[in-house]
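The values are calculated or read from the model by the stated rules, or taken from the named source; none is laboratory data. On a predicted model such as this, the values are computed, not experimentally measured, just so you know. Here Cβ is always computed from backbone atoms with ideal geometry, including for glycine, and neighbour counts include all displayed protein chains.
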Amino acid sequence: MIVNFFNMNLNFKDNKALIRVDFNVPLDKEYKITDDTRIREAIPTIRHILDQGGAVILMSHLGRPLEKLNSDGSINREKFTLQHLVKHLKKKLKAKVHFADDCVGKQAVKKAAALKPGEVLLLENTRFYQEEEKGDEAFAQKLAALGDIYVNDAFGTAHRAHASTTIVARFFDKQHKTFGFLMEREIENATRAMKEPAKPVTCVTGGSKVSDKIMLLEKFLDYADNILIGGAMAYTFFQAKKGAVGNSLVEPDKLKIAKEFLKKAKAAGVKVVLPKDSVCGDKFAADAATQVCPSNQIPDGWMGLDIGPAAARAFAGVIRKSHTVIWNGPMGVFEMEAFANGTRVVAKACAAATKKGAFTMVGGGDSVAAVNQMKLSKKVSFVSTGGGAMLEFLEGKELPGIKAITE
């Protein structure tokens, strides 16, 4: 079992812990944090080390700065600097937080060397360096030289073989590398949902594309009793069944895959529930004209943008009767109020199932955002901080960031 490798009993006193966190938080136009969930989730690990008399050096990325350069080709440091997080981090940790404007340069080395027990050093955005995403070994070795113990507490990037998430672990032996508490919770909860689920198990999936979720759907066949499919991806299934879907988003090249999946589900005895009706819009916009249509009879010029009221009731009914619920992906374009009801109903049903004793896990950026928006994150069993990482873990893939600690 993976849990044998959690080793937060390491002696951090007078040691410097190099921690990979996921502080890729949303910022507004004034660079104020609009959702600090990822920071809050990392606090217990950081606090544990500081309370033991250790010092902490934090590594994280923020956005994709090398894909959004200034017009002159330079990095937009003002937009992507982690310096925006220092004040908030000080407040949350109630500790002295220093900032280095580089990761492996003179300032980082100097400030890391001067760091005292109980203090924190936040390094600049790791993705300011091409070497990060390339998984460059020399860059990772320089990062490793800053600390005595490596702690990976960034589940959201565990599926990336980047320098600070995976390669850096090579420079620490098993007695000097470990997962943090957040990683522990993520892995234990996902493993529980997959390996030891209380029956009946309902897997709810949404989002726009079948191609993004087909591996997850096929993995669900191993342990699910019910699979509820919402979001735009549902219309590829309806078209595969010769339904009329109007202008709804469809992947024509995935019709065969959708049809084969439905056959596999039937053979496996897994009930697949598609939305009976849809809230349709005449355009993809918040001010679109709307009407409710049967999901397989959507008129030309209209597109399905949310599951309809009958579908929402049916989905909620299945969820409430379940003992394990795994939810990944919204039911519609929930950012637009006209198309938010399906996602809202599913979130409330998950909370109701939890109250009755079910284990409910929500993963994936949009579904997590919806649960947070509705203030229901404390009313489900577990909310994952990882989008792509949780998806790949549930698909049964080995994540490089996890393997680097356990091997």
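Yes or no, residue by residue, for (1) outside any loop (DSSP other than H, G, I, E, B); (2) at pLDDT 90 or above; (3) of a type in the set (A, V, I, L, M); (4) surrounded by fewer than 20 Cβ atoms within 10 Å (Cβ to Cβ):
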{"position": "305", "(1), (2), (3), (4)": "yes, yes, yes, no"}
{"position": "313", "(1), (2), (3), (4)": "yes, yes, no, yes"}
{"position": "318", "(1), (2), (3), (4)": "yes, yes, yes, no"}
{"position": "322", "(1), (2), (3), (4)": "no, yes, no, no"}
{"position": "327", "(1), (2), (3), (4)": "yes, yes, no, no"}
{"position": "331", "(1), (2), (3), (4)": "no, yes, yes, no"}
{"position": "349", "(1), (2), (3), (4)": "yes, yes, yes, no"}
{"position": "352", "(1), (2), (3), (4)": "yes, yes, yes, yes"}
{"position": "372", "(1), (2), (3), (4)": "yes, no, no, yes"}
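When residue 247 is tested against the conditions (1) in contact with a Gly (Cβ under 8 Å, 6 or more places away or on another chain); (2) crowded, with 19+ Cβ neighbours inside 10 Å, the lone failure is (2).
Would you be able to tell me the number of residues in region 212-240 that are assigned to a helix (DSSP H, G or I) and over 14 Å from residue 193 (Cβ atoms)?
Going through region 212-240 one residue at a time, the tally reaches 13.
Exactly one residue among 56, 97, 25, 86 is at pLDDT 95 or above, surrounded by 13 or more Cβ atoms within 10 Å (Cβ to Cβ) and closer than 28 Å to residue 363 by Cβ, and that residue is 56.
Considering region 279-300, the residues that are farther than 18 Å from residue 234 by Cα and touching a residue at least 40 places away in the same chain (Cβ under 8 Å) include one that is surrounded by the most Cβ atoms within 10 Å (Cβ to Cβ), namely 288.
Within region 131-161, the only residue that satisfies the criterion of being of a type in the set (S, T, N, Q) and modelled with pLDDT under 95 is 157.
Here is a list: 11, 70. Which entry is exposed (fewer than 15 other Cβ atoms within 10 Å of the Cβ), in contact (Cβ under 8 Å) with a residue 40 or more places away in the chain and outside any helix (DSSP H, G or I)?
Result: 11 is the single residue among 11, 70 that is exposed (fewer than 15 other Cβ atoms within 10 Å of the Cβ), in contact (Cβ under 8 Å) with a residue 40 or more places away in the chain and outside any helix (DSSP H, G or I).
The set of residues in region 116-132 being touching a residue at least 40 places away in the same chain (Cβ under 8 Å), under 24 Å from residue 166 (Cα atoms), surrounded by 15 or more Cβ atoms within 10 Å (Cβ to Cβ) and not charged (D, E, K, R) consists of 120, 121, 122, 123, 125, 126, 128. The sole residue among 154, 161, 169, 198 that is closer than 30 Å to residue 111 by Cβ and either surrounded by fewer than 18 Cβ atoms within 10 Å (Cβ to Cβ) or hydroxyl-bearing (Ser, Thr, Tyr) (or both) is 161. Condition (residue is of a type outside the set (A, V, I, L, M), under 30 Å from residue 140 (Cα atoms) and in a loop (DSSP other than H, G, I, E, B)) applied to region 174-193: is it met by at least one residue? Yes, because at least one residue in region 174-193 is of a type outside the set (A, V, I, L, M), under 30 Å from residue 140 (Cα atoms) and in a loop (DSSP other than H, G, I, E, B). Any chance you could count how many residues in region 200-211 are farther than 18 Å from residue 345 by Cα and touching a Phe, Trp or Tyr at 6+ places or on another chain (Cβ under 9 Å)? The qualifying residues number 2.
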